1. Quick one: grab the alpha carbon gyration tensor of the range 43-161, order the square roots of its eigenvalues as a ≥ b ≥ c, and give me rounded if a/c is under 1.5, else prolate or oblate depending on whether a/b is larger than b/c.
2. Students often check this: by mean Cβ neighbours within 10 Å, which of 177-185, 28-36, 80-88 ranks highest, and how do the rest follow?
3. Determine the per residue accessible area of the range 32-150 with all protein chains present and a 1.4 angstrom probe, expressed in square angstrom.
4. Checking the cross-link filter: which aspartates and glutamates have an alpha carbon closer than 15 Å to that of K59, excluding same-chain neighbours under 8 positions apart?
5. Let's see if you can work this out: charge +1 on each Lys and Arg Cβ, -1 on each Asp and Glu Cβ, no other charges. What is the dipole magnitude of the chain about its Cα centre, in debye to the nearest 20?
6. Please report the relative contact order for the range 39-92, taking Cα pairs under 8 Å with a sequence separation of at least 6, and give it as a percent rounded to a whole number.
7. Which of rounded, prolate, oblate describes the range 11-54, given a ≥ b ≥ c as roots of the alpha-carbon gyration tensor eigenvalues and a/c under 1.5 marking rounded, otherwise prolate only if a/b is larger than b/c?
8. If I model a spin label as a point 7 Å beyond the Cα along the Cα-Cβ vector, how far apart are those points for Q62 and V74 in nm?
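The values are calculated or read from the model by the stated rules, or taken from the named source; none is laboratory data. Remember, predicted model here, so these are calculated numbers, not experimental data. Cβ: placed from backbone, ideal geometry, glycine included. Neighbour counts: every protein chain shown. These area figures cover heavy atoms from the full protein model, side chains too; ligands, DNA and RNA do not enter into them. Shrake-Rupley method; radii C 1.70, N 1.55, O 1.52, S 1.80 Å.
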Amino acid sequence: MSDTNALKRQVARAALNWVEPGSVIGVGTGSTVDCFIDALKESGIRLAGAVSSSERTAKGLQAIGVPVLDLNDVIRLGVYVDGADEVDPQHCMIKGGGGALTREKIVAEVADRFVCIADGSKAVSCLGHFPLPIEVLPMARSLIERKCRDIGGVPLLRSGFVTDNGNLILDVRGLQIADPVALEREINQWPGVVTNGIFAIRRADVVCLATPSGIRTFDSGQMVQL
Ligand code: 5RP
């Protein structure tokens, strides 16, 4: 197992601290979340159910016997556990490397507490080195590509990929995201954008990072610094 995989497994186990037995939780998408699902299984914690942010995660949850609930039947989630592609000192994130950003943003919005789990390499001082994913309706692709170029970005269509919602992903390089809240709002207003992968308006409450020297946890108000 690579070092990064070992770190993902460690941080996934640490996330169990925020999981209340018998509750309904929200679950994100990605390889770190896959480790979290494995950790849930190993823990023996029984959940009333989970709301999934993707078909991939729904399958994983069902495979370990967790009932997958429709978000429309759930008013509140105590916790939402998800990974990130980048996380900045203020707990803002870029997400969507796995293409599940829209459902992730929806499920996260319903949760009291967003716990971001990642290996320490995801901590950055400024978002934007990782290409920003934007989910777009197919007919708006070239319009949104032009708008990305207008703000200094270089968009690339994610080849051969269709989201769970039947849309496309543009991965945008070259953005130095100094004001994540402002850019998240701006891009989300472009007609044809379903959502973008900046998670700053609803950012992580807790950031839990696995480093070679152990797990570092940053609660709300604590700057993420490694
Ligand atoms: C999926 C995501 C993931 O959380 C993000 O891509 C991190 O993935 P991984 O845990 O595989 O590094 O946003 O849409």
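1. In terms of gyration-tensor shape, prolate.
2. Taking the mean over residues of other Cβ atoms within 10 Å, the ranking is 80-88, 28-36, 177-185.
3. On the way: 5050 Å² over 119 residues.
Ligands and nucleic acids excluded, the figure is 42 Å² per residue.
4. Within the straight-line limit of under 15 Å, K59 reaches these aspartates and glutamates: D34, D38, D70, D164.
5. Dipole magnitude for the chain comes out near 200 debye.
6. Working: 25 pairs, mean separation 15.8, N = 54.
Once divided by the residue count of the range 39-92, the mean separation gives 29 percent.
7. Taking the square roots of the gyration eigenvalues as a ≥ b ≥ c, the range 11-54 is oblate.
8. 1.6
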